[in-house]
Amino acid sequence: MAGYKMPEINTVIIAGNLTKDPVLRHTTNGTPVANFFIASNRRYKDNTGQWREDVCYVGVVAWYKLAESCAEYLRKGSAVLIDGELQSRNLRSADGVFRNVVEIKARRIQFLDRRTSEMKTLENEEEKEDLEEQMEYQRPEDENVIDDSAEDDKDEMGYRELKL
C-alpha cells in the first residue's frame, strides 16, 4: 500500500451571481488581479416538505486578462459559471490577527448574462446602445424555461444545452 499515491485533483465548478462589483487591482509588477464574491443558491425540500433555499457565498480571484475582462463586463448580480481550483492563503487583519481564507482561483469564467456576453463582442458604443434598445423589446417572459421532455437537446454527457 505504501507505493500508491493519492491523485492530485483540485477542481471546482460553480454557478452563481456576483454579490458586488469586481475589484480590480494590480500587483507591484503590474499583474492585474480581480476579486469578487458570488452567491450560489441551492433549493431543497426539508423534512416537512417545505421548499427551502440555502445560499453559499464563495470568494473568487481571477488573474491577468481574465481579471481585466471580469472588471470590464461583470457587475453586481451578473450570473457566472466558474471553473477553477481551491486555494488558501493567510491574511493579516487590521487588528493583527491572522486568518486563513479559502477561495476559488478561476481558470475559466463563463458570463451567463445574455446582455454581458453580447456586449463583449461589440466594439463601439453605438452598437451597444442599439442592442440595449432591441433587448428590452425582444425578451420573452418564458425564455429561461427548460422543457424536461426534450431529450434531443442534451449533449453526450447528458446535460441540457444552456439556453439564455
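Run the numbers for residue 89 and residue 101: contour at 0.36 nm per residue of separation, minus the present Cα-Cα distance, in nm. Working shown, then result.
On the way: separation 12, 0.36 × 12 = 4.32 nm, distance 0.54 nm.
Once the chain is fully extended between residue 89 and residue 101, it gains 3.8 nm.
Considering the zone a paramagnetic label at residue 26 would reach in this model (a point 7 Å from Cα along the Cα-to-Cβ line), which residues of region 68-84 have amide N under 16 Å from it?
68-69, 71-72
What distance in nm separates the simple spin-label points at residue 11 and residue 56, each placed 7 Å from Cα in the Cβ direction?
1.6 nm
What is the spin-label model distance, in nm, from residue 48 to residue 64 if the labels are put 7 Å beyond Cα along the C-beta direction?
5.2 nm
Output ³J(HN,Hα) for region 9-24: one whole-Hz value per residue in order, computed from phi by the Karplus curve 6.51 cos²θ - 1.76 cosθ + 1.60 with θ = phi - 60°, and x for Gly and Pro.
Residue by residue, region 9-24 yields 10, 9, 10, 10, 10, 8, 10, x, 10, 5, 8, 8, 5, x, 9, 9 Hz.
Which whole-Hz ³J(HN,Hα) couplings does region 83-97 yield from phi under the Karplus relation 6.51 cos²θ - 1.76 cosθ + 1.60, θ = phi - 60°, glycine and proline marked x?
10, x, 9, 6, 9, 10, 8, 9, 10, 9, 6, 4, 8, x, 8
Per-residue counts of other Cβ atoms within 10 Å, averaged by peptide: what ranking do you get for 37-46, 81-90, 15-24, 62-71, highest first? Intermediate values should be presented prior to the final figure.
Numbers: 37-46: 11.9, 81-90: 13.5, 15-24: 16.1, 62-71: 18.2.
The peptides rank, most packed first, as 62-71, 15-24, 81-90, 37-46.
Taking the Cβ-Cβ separation of residue 75 and residue 35 as r and a Förster radius of 25 Å, what is the calculated FRET efficiency to the nearest 0.05? Write out the running numbers ahead of the final one.
Values: r = 15 Å, r/R0 = 0.59.
Efficiency at R0 = 25 Å is approximately 0.95.
For the cross-link pairs 45/76; 20/105; 20/65, which exceed 22 Å when the distance is taken from alpha carbon to alpha carbon? Provide the component values of the computation, followed by the final result.
Details: 45/76 28 Å; 20/105 18 Å; 20/65 20 Å.
Exceeds cut-off: 45/76.
All of the numbers you see were taken from the coordinates with simple rules; none came from a lab. Not measured: the values here are computed from a predicted model. For neighbour counting, all protein chains shown are included, and Cβ atoms are generated from backbone atoms with ideal geometry for every residue, glycine included.
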